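Input: a single structure, listed below in structure tokens.
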């Protein structure tokens, strides 16, 4: 052990080269109100949930096999042990809590107008972290590779299909092919374990730095002019008034207590409500599992059910995109110096209305089982945009090659050539096309297609029929 004198020299050397003393003073001794609410701790709770995800996620990595053949088996084996079941459930509930907490923290920031100058970058980093948090939840949902994960991902990855002209290619890029396969699992695993956590950690570090640099919004607006510039943050004897106290140790203790309560809640949920695990993913869906989106997409699909077909792309693509851009631009759209909630009725009314609408749509989607919106018939379909996606999602898993009935639905040539003496598709005559008969269940000696799965929605069948009626063109 070093003598005390040498320890002092080593400490001074370390402080001189790292600025640790100044950083500690900023982090621990800045003024905070003596009176605070649980809403002031939402950011800390979110950080605690993220730490929980990192710890439990690393433990799960020791047991998980990121392959289509081994993913479900490794998770199933993990569920066989009490410890493994608990860790996975803790990770599951922590992920859901993190999404809720990030959203609540964002609403709190809007309520107190903490996005305004000079905190624009804090706000932007927070919105980006919300996006990454949703991305983490979405990519992690597929990893168990069970029926629920497989079909929820099938639903979620179909959203880009609503992008005009580019939708089909975006879906292929996201999935690594036409449908959910091991390639999709590999991509989602890399994003969930490496890419998104690294980006989120970088943004989180910058966000915390900006919070310390700019101070707490509700505090700074009450401090005397020039206080932060002239005041030495480590000097607690010069606080602006008795209603303030240093962040350490009082608020730190409050935050730690809140985090322990959050951890206790997550632990209770993990012990009483294990993470779900259905049977292995089955692309043929022989069990007729009803595909459902992830719960935080319920509102979007519920809204899609309530709008006319002409607005599908608006609801699924344009609305979320515009909402995200408006959130990022909020500090530059609202440049007023008014912070008090009661003096900002328009901003808070709009925020409240959007929040209530999303919550109601989510709830109604949940109680209705959030079924997929019924497919609407396309009057003038094209093969690339409207027909091929149906074949790839519902038919190609069986008809990927010429091996079944000498029929491949993996390409336009395969569809038109077909087997059964060319009767699969008869351009201009849907009624005489064996494809339509098989989809409607009226073909003699052939079971209704797609075999072993729920019949295609009438809108999809009518879309294919319209395409055949218009000449079954390769367009």
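Values in this text are rule-based calculations from the coordinates and carry no lab data. This structure is a prediction, so every number in the text was calculated from the model and none was measured. A quick note on method: Cβ atoms are made from the backbone with ideal geometry, for glycine too, and the neighbour counts reach across all protein chains shown.
Tell me, what is the FRET efficiency for residue 328 and residue 9 to the nearest 0.05, using R0 = 60 angstrom and their Cβ-Cβ distance as r?
E(calc), rounded to 0.05, equals 0.80.
Which of rounded, prolate, oblate describes the range 127-184, given a ≥ b ≥ c as roots of the alpha-carbon gyration tensor eigenvalues and a/c under 1.5 marking rounded, otherwise prolate only if a/b is larger than b/c? Intermediate results must be reported in sequence, preceding the final value.
Working: a/c = 2.04, a/b = 1.08, b/c = 1.88.
Taking the square roots of the gyration eigenvalues as a ≥ b ≥ c, the range 127-184 is oblate.
What is the order of 154, 316, fewest Cβ neighbours within 10 Å to most? Walk me through the intermediate numbers first.
Numbers: 154 21, 316 24.
The fewest-first ordering by Cβ neighbours comes to 154, 316.
As an exercise, use a Förster radius of 35 Å and the Cβ-Cβ distance of residue 80 and residue 261 to find the FRET efficiency, rounded to the nearest 0.05.
For residue 80 and residue 261, the calculated efficiency is 0.65.
What does the extension gain come out to for residue 475 and residue 448, with contour length at 0.36 nm per residue minus their alpha carbon separation?
7.0 nm
Subtract the Cα-Cα distance of residue 198 and residue 165 from 0.36 nm times their separation in residues, and report this length gain in nm to one decimal.
Contour length minus Cα-Cα distance gives 8.6 nm.
Could you give P(r) for the range 243-364, binned at 5 Å from zero, as whole percent values over all Cα-Cα pairs?
2, 7, 9, 11, 11, 14, 17, 12, 8, 5, 3, 1, 0, 0
Apply the Debye scattering formula to the range 294-394, with a single equal point scatterer on each alpha-carbon and no solvent, then give log10 I(q)/I(0) at q = 0.18, 0.23 Å⁻¹.
Result of the Debye calculation: -1.00, -1.27.
Using 0.36 nm per residue of separation minus the Cα-Cα distance, give me the extension gain between residue 58 and residue 287 in nm, one decimal.
Separation in residues times 0.36 nm, less the Cα-Cα distance, equals 79.1 nm.
Grab the beta carbon distance between residue 24 and residue 271, set R0 = 56 Å, and tell me the FRET efficiency rounded to 0.05.
In this case the efficiency is close to 0.90.
Hey, can you rank 319-326, 426-433, 336-343 by average C-beta count inside 10 Å, highest first? Display every interim value, and only then the final one.
Working: 319-326: 12.4, 426-433: 15.5, 336-343: 10.5.
The peptides rank, most packed first, as 426-433, 319-326, 336-343.
Taking every alpha carbon pair in the range 425-466, what does the distance histogram look like in 5 angstrom bins from 0, in percent?
Result, from short to long distances: 6, 27, 31, 26, 9, 1 percent.
Taking the Cα atoms of the range 288-353, what is the range of coordinates along each of the three principal axes, in descending order and whole Å?
If we take the Cα atoms of the range 288-353, the spans are 56, 21, 19 Å.
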